[in-house]
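Chemist: My structure is below; once you've seen it, I'll send some questions.
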Amino acid sequence: MSQTVTAPAAQRRRERRFGVFSLLVLAVMLGVFATSARGEQATFVLNDARGQLFELPNLVVDVVPAVLVLSAIVAVIAYRQFTTGFGSKAVLLVGVVALLFVLAFLTWAAAEGQLSVVGLLRGSLARATPIALGALAGVVCERAGVINIAIEGQFLAGAFTAAVVSSLASDPWIGLFGGIGAGVLVAFMLAGLTIQFKADQIVVGVVLIVFATGVTSFLNTQVLSGNPQLNSPTRFTAIAVPVLSEIPLIGPVFFRQSVMVFGMLIAVATLHYALFQTRWGLRLRSVGEHPKAADTVGINVLATRYKAVLLGGVFAGIGGAWWTLDAVGQFSREMTGGRGFIALAAMLVGRYSPVGAFGAALIFGFADQIATSLQLLRVPVPSDLLLTAPFLVTILVVAGLMGRLRPPAANGKPYTKE
Amino acid sequence: MRLELKGITKRFPGVVANDRVDLVVESGEVHGLLGENGAGKSTLMNILYGLYGADEGEILVDGQRLELEDPGDAIDAGIGMVHQHFMLVPVFTVAENIVLGVEHTQRLGKLDRERASAEVAALAERSGLPVDPDAKVEDLPVGIQQRVEILKALYRDARLLILDEPTAVLTPQEADDLFEAIRAFTDEGRSVIFISHKLREHRAIADRISVLRRGRIVGTADPRTTSEQELANLMVGRPVELSVQRPPATPGPAVLQVRGLRVEDALGAPVVEDVDLTINAAEIVAVAGVEGNGQTPLVRAVTGLQAIADGEVTIAGRPVNGATRKEVLRDGTGHVPEDRSSDGLVADFSVAENLILNLWDAEPFARKGTLQFAAINDHARELVSAYDIRTPSVATTAGSLSGGNQQKVVVAREFDRPIDLLVASQPTRGVDVGSIEYIHTQLVAKRDEGTAVLLVSSELDEVLALADRVAVMFHGRLVGPFDTPISKEAVGRMMAGADPEEVLGTAPGGQP
């Protein structure tokens with residue numbers, strides 16, 4: 001029967017919705033950025049203060065013409081979205097519109113000031129690190145069929161323990177192991193309650209978040225505040241890869257970072273390879289998709305899930321340790337500020353794939369970093385509002401791109417042999 | 001491989017599922033295992049496949065005693081099983097599904113996908129079960145998916161293959177292909193245990209048939225010398241009527257009137273188009289057709305479950321257009337839905353609760369918003385005995401009953417009140433012979449009470465056995481109804497889209 005005839009109609013409706021989004025973006029660009037700039041020229045600094053092979057010139061643009069050019073491109077895309085559409089590239093074009101919007105925004109924000117592009121990108125990658133690690137924790141658990149919403153709890157436990165252990169040992173590596181231990185401990189509780197005792201995975205996840213928040217806050221007030229020597233961890237320092245770190249722009253962004261950033265990149269690549277190319281990954285995914293099928297070919301479903309959740313604990317523990325061993329250097333109450341949930345969103349936007357989740361984490365990391373960078377520029381936007389940027393972006397991205405998400409078929413379902 | 005089961009006993013709380021079962025499967029033999037739903041066939045096979053442990057008894061393979069802890073042990077012993085619900089990961093490729101658990105790897109644990117594809121292609125070629133190793137399983141039709149399941153067992157070098165109700169999901173043509181594959185398999189000296197409750201299939205494929213009833217082997221038969229009637233009697237434990245006794249219909253006034261009906265799917269495409277149908281009191285009109293030709297939306301529109309895009313439907317003069325589902329059903333329509341587990345029953349509710357699902361807020365079952373459990377339970381006990389529902393108690397959850405008994409619960413609920421129209425969709429799907437006989441008898445009895453019956457079935461035998469008039473649905477359109485008797489071949493050709501005038505040689509009869 002002629003059911004497929006109507007599918008393009010749905011596609012057209014979707015593209016028209018995207019067109020409405022483009023028009024809204026265009027309205028803001030023309031109505032705000034093109035009219036209310038504080039100066040005529042914006043300066044983008046492309047150099048880093050540290051050693052470089054050669055200097056790049058600063059990029060100086062005239063604000064109003066630049067915004068108008070960007071607006072014109074958005075207008076053309078919007079026109080096409082309403083008329084012929086972009087077909088299979090529809091989602092990609094939404095991304096282009098968003099990128100043009102961000103460029104216009106930065107131009108407007110940097111008017112009469114200087115914006116360090118290196119600092120912005122470098123900071124984005126750094127802030128994407130815990131989000132990506134948390135998302136990896138989610139990916140590995142959910143690919144095996146266990147929903148892990150307790151990433152936020154694992155973050156807090158990891159951050160706290162890493163701070164204390166690193167303070168005691170005066171060594172960030174030992175601190176990192178402490179953080180991993182704490183992440184795994186929370187994971188162990190999740191695994192035991194959901195895999196062994198078949199408790200509801202969402203409920204257990206929520207309970208573990210509350211538990212970790214409560215315990216770390218309590219210990220922070222009762223123990224750490226009276227003993228500052230327990231809360232002064234030795235941190236990881238930035239590592240500069242010889243030669244590569246001196247390439248302008250690329251060097252400082254990718255090759256002068258803390259060891260945790262490098263570790264995260266390796267973890268993303270390794271997990272992606274392992275999940276989709278190895279025997280281990282095939283078996284793990286089979287357990288998340290159709291556990292009974294896995295069981296009937298001799299795969300131990302419960303053990304596979306246990307191991308996956310514990311491995312997730314390792315990733316989330318490292319992610320938590322980022323706050324105290326890399327970013328801040330001190331534990332404070334609820335310092336992870338909901339990034340565990342953003343990691344969950346990154347996992348969904350990345351469609352349960354490590355590389356996809358990393359891409360989403362970069363977007364969220366950028367939103368996080370932009371909020372900080374712009375506070376320094378004294379942009380006429382209330383700072384409280386700026387700090388909500390990561391969450392606004394999360395909502396927009398999740399709502400806009402979640403349409404056809406397909407989770408592992410047995411995700412969230414406890415497995416019982418009859 | 002020669003398999004011997006000795007004194008296998010398995011008890012579940014309150015039931016002995018297998019009671020001292022002895023069974024011998026010879027090398028190169030297709031051994032049929034026949035039994036009603038709940039007779040213990042699946043339990044026995046799950047024991048043999050290592051999914052359950054037996055409480056007593058032993059399993060011998062070629063004279064060697066076998067200890068089965070889990071399916072891995074059974075696979076190692078050369079036992080393969082094709083489950084009724086496929087054990088395939090839909091998002092994996094054919095090759096990935098087949099090698100899962102016995103993968104070849106290269107360095108760093110990397111899957112050797114090329115080797116897997118090549119091996120699967122070679123195996124498929126060799127065993128006469130062609131399949132694309134790199135296709136995703138979810139994109140394949142059910143018949144091919146079953147092929148993948150069989151290849152999965154062959155890849156593990158199964159020398160005994162258990163096929164659990166393999167034909168339930170197949171078209172007749174696919175079933176013939178399967179039988180050929182089974183023959184090729186046993187020609188190599190391998191053995192097959194073939195489970196089904198369809199007598200005809202056993203006679204077509206089995207070398208020997210063991211009949212299981214209430215957990216016990218009650219007989220072993222040779223299909224060449226045993227008639228279907230004898231097998232059915234053995235299986236049910238009493239003489240069974242295989243054909244339906246049906247006096248000629250004495251139709252009354254029109255009850256269901258469908259005029260120019262059009263139903264659309266969620267995307268607005270027509271799934272039922274331009275359907276006219278009248279069913280009179282005291283007659284059974286069957287709608288035959290290959291599934292997916294619009295029977296489901298037709299039934300849903302008639303019973304008020306799905307919006308009518310165009311046309312009108314009336315039941316005993318009352319319009320269905322615009323009426324709520326509750327009004328349609330309360331005013332005198334009974335509906336046996338095609339999928340009892342999703343639409344017919346609430347699996348976690350008790351039998352008693354399921355029996356009042358259509359009258360949940362009516363006297364005497366509810367008073368002032370409170371369920372009256374004394375009345376509900378009395379009612380349930382009455383129906384359980386009247387409709388021969390085999391259940392430990394009326395408080396048992398419906399989901400724990402066998403398929404046939406679940407269906408009897410639905411039938412009891414829908415039949416046991418005065419109604420004008422009965423809509424029965426696939427009423428005997430997945431139901432054993434004894435229950436089929438019973439449900440057919442009840443359908444005819446309902447007709448003789450004066451109820452108009454709309455029977456939708458993809459089982460041609462059922463259509464021809466019960467219908468007073470037969471209509472055929474093809475691509476959302478209805479042809480007929482035609483008076484019976486009508487030849488099976490004619491209906492079959494119309495199900496495939498043939499022009500009725502050509503098939504019958506005359507203008508359509510029946511409907512003036």
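Values in this text are rule-based calculations from the coordinates and carry no lab data. In this text, all values refer to a predicted model and were calculated from it rather than measured experimentally. Every residue, glycine among them, receives a Cβ derived from its backbone with ideal geometry; neighbour counts consider all protein chains shown.
Chemist: With point charges of +1 on the Cβ of Lys and Arg and -1 on the Cβ of Asp and Glu, referenced to the Cα centre of the protein assembly as shown, which listed residue (B:Gly332, B:Asn280, A:Pro407) lies farthest in the positive direction of the dipole?
Modeler: A:Pro407
Chemist: Using only Cα positions of region B:201-269, each an equal point scatterer, no hydration layer, compute I(q)/I(0) via Debye at q = 0.17, 0.25, 0.26 Å⁻¹ and quote the log10 values to two decimals.
Modeler: -0.70, -1.20, -1.23
Chemist: In addition: Quick one: Kirkwood hydrodynamic radius for the protein assembly as shown, alpha-carbon pairs, angstrom, one decimal?
Modeler: This gives a value of 32.6 Å.
Chemist: To the nearest Å, what is the center-to-center distance of region B:219-263 and region B:427-491, using C-alpha atoms only?
Modeler: If we compute the Cα centre of each part, the gap is 9 Å.
Chemist: Output the peptides B:494-504, B:466-476 sorted from most to least packed, where packing is the average of other Cβ atoms within 10 Å over each peptide's residues.
Modeler: By packing density, highest mean first, the sequence is B:466-476, B:494-504.
Chemist: Towards the positive end of the charge dipole of region A:267-386, with charges on Cβ (+1 Lys, Arg; -1 Asp, Glu), say which of A:Gln369, A:Gly312, A:Ala345 has the farthest Cα.
Modeler: So the residue we want is A:Gly312.
Chemist: Can you tell me the Rg and Dmax of chain A, counting just the alpha carbons, in angstroms?
Modeler: 23.2, 74
Chemist: Moving to a separate point now. In the Gaussian network model of chain A, springs joining C-alpha atoms below 10 Å, which of A:Ala346, A:Ala321, A:Ala240 carries the largest mean-square fluctuation?
Modeler: With Cα springs under 10 Å in chain A, the top fluctuation among A:Ala346, A:Ala321, A:Ala240 is at A:Ala240.
Chemist: Above 24 angstrom, tally the Cα pairs of region B:1-112 and express them as a % of all pairs, no decimals.
Modeler: For region B:1-112, the fraction of Cα-Cα distances above 24 Å is 36 percent.
Chemist: What would the Debye formula give as log10 I(q)/I(0) at q = 0.12, 0.15, 0.17, 0.20 Å⁻¹ for the alpha-carbon point model of region B:343-501, no solvent?
Modeler: Once normalised to I(0) and log-transformed, intensities are -0.60, -0.84, -1.00, -1.23.
Chemist: While we're here: Report, in whole Å, the centroid distance computed from the Cα atoms of region A:155-218 and region B:373-419.
Modeler: For region A:155-218 versus region B:373-419, the Cα centre distance is 51 Å.
Chemist: Semi-axes of the equivalent ellipsoid of region A:4-112: what are they in whole Å, largest first, if each equals the square root of 5 times a C-alpha gyration tensor eigenvalue?
Modeler: 34, 17, 9
Chemist: Once amide H atoms are placed 1.01 Å from N in the peptide plane, what residues at a sequence separation of 5 or more from B:Ile162, or on another chain, have their amide H within under 5 Å of its amide H?
Modeler: B:Gly80, B:Met81, B:Val82, B:Ile193
Chemist: With θ taken as phi - 60° and the coefficients 6.51, -1.76 and 1.60, list the Karplus ³J(HN,Hα) couplings across region A:24-35 in order, rounded to whole Hz; mark glycine and proline as x.
Modeler: 4, 4, 4, 4, 5, 4, 6, x, 10, 5, 7, 10
Chemist: Over all Cα pairs of region B:3-236, how is the pair count split among 10 Å bins, expressed in % and running from 0 up to the last occupied bin?
Modeler: Spelled out per bin, shortest first, that is 8, 32, 35, 19, 5, 1, 0.
Chemist: Using a Cα-Cα cut-off of under 17 Å, which aspartates and glutamates could be cross-linked to B:Lys10, ignoring same-chain neighbours fewer than 8 residues away?
Modeler: Candidates past the 8-residue exclusion: A:Glu418, B:Asp19, B:Asp22, B:Asp55, B:Glu56, B:Glu58, B:Glu67, B:Glu69, B:Asp70.
Chemist: How large is the charge dipole for the protein assembly as shown, taken about the Cα centre, if only the Cβ atoms of Lys, Arg (+1) and Asp, Glu (-1) carry charge, to the nearest 20 debye?
Modeler: 2800
Chemist: While we're here: Which entries of B:Lys41/B:Lys152; A:Lys89/B:Lys136; A:Lys413/B:Lys198; B:Lys368/B:Lys446 show an alpha-carbon separation above 26 angstrom in the structure shown? Don't skip to the end; give the middle numbers.
Modeler: Values: B:Lys41/B:Lys152 22 Å; A:Lys89/B:Lys136 24 Å; A:Lys413/B:Lys198 34 Å; B:Lys368/B:Lys446 33 Å.
Table pairs above 26 Å Cα-Cα are A:Lys413/B:Lys198; B:Lys368/B:Lys446.
Chemist: Rounded to whole Å and sorted largest first, what semi-axes of the equivalent ellipsoid does the C-alpha gyration tensor of chain B yield via the square root of 5 times each eigenvalue?
Modeler: Numbers: eigenvalues 357, 159, 105 Å².
Equivalent ellipsoid semi-axes, largest first: 42, 28, 23 Å.
Chemist: For a footprinting-style exposure proxy, rank B:Arg208, B:Arg65 by other Cβ within 10 Å, fewest first.
Modeler: Details: B:Arg208 17, B:Arg65 10.
Ranked by crowding around the Cβ, least crowded first: B:Arg65, B:Arg208.
Chemist: Something else now. Can you tell me what share of the DSSP beta bridges in the protein assembly as shown is antiparallel? A percent to the nearest 5 is fine.
Modeler: 60
Chemist: May I pose another question? Collect residues whose amide H, placed 1.01 Å from N in the peptide plane, falls under 5 Å from the amide H of B:Arg208; neighbours closer than 5 in sequence don't count.
Modeler: Close amide H contacts, sequence-distant or interchain: B:Val30, B:Gly32.
Chemist: Over the Cα atoms of region B:348-416, how large are the radius of gyration and the largest Cα-Cα distance (Dmax), in Å?
Modeler: Looking at region B:348-416, its Cα Rg and Dmax stand at 11.2, 35 Å.
Chemist: For chain A, with a Gaussian network of springs between Cα atoms less than 10 Å apart, report the residue from A:Val184, A:Val309, A:Val243 with the top mean-square fluctuation.
Modeler: Looking only at A:Val184, A:Val309, A:Val243, the largest GNM fluctuation is found for A:Val243.
Chemist: Quick check on the exposure proxy: order A:Trp280, A:Trp323, A:Trp173 from fewest to most C-beta atoms within 10 angstrom.
Modeler: By the 10 Å Cβ count, ascending: A:Trp173, A:Trp280, A:Trp323.
Chemist: Taking θ as phi - 60°, what are the ³J(HN,Hα) couplings along region A:56-71 by the Karplus curve (6.51, -1.76, 1.60), each to the nearest whole Hz, with x for Gly and Pro?
Modeler: Using θ = phi - 60°, the values come out as 9, x, 5, 8, 10, 10, 7, 4, 5, x, 4, 5, 5, 4, 4, 4 Hz.
Chemist: Now for a different question. Using alpha-carbon positions, what is the distance between the centroids of region A:326-362 and region B:311-333, in Å?
Modeler: Using only Cα atoms, the two centres lie 55 Å from each other.
Chemist: Looking at B:Pro248, B:Gly304, A:Leu208, which one has the Cα that reaches farthest to the positive end of the dipole of the protein assembly as shown (charges on Cβ: Lys, Arg +1; Asp, Glu -1)?
Modeler: A:Leu208
Chemist: In sequence order, what are the phi-derived ³J(HN,Hα) couplings for region A:142-157 according to the Karplus relation 6.51 cos²θ - 1.76 cosθ + 1.60 with θ = phi - 60°, rounded to whole Hz, with x for glycine and proline?
Modeler: Values, residue by residue: 6, 5, 8, x, 10, 6, 10, 9, 7, 4, 4, x, 5, 4, 4, 4 Hz.
Chemist: Is it possible to state the helix-based mean residue ellipticity at 222 nm for chain A, with each DSSP H run of 4+ residues giving -39500 (n - 2.57), the sum divided by total residues, to the nearest 500 deg cm²/dmol? What is it?
Modeler: Helix-only estimate at 222 nm: -20500 deg cm²/dmol.
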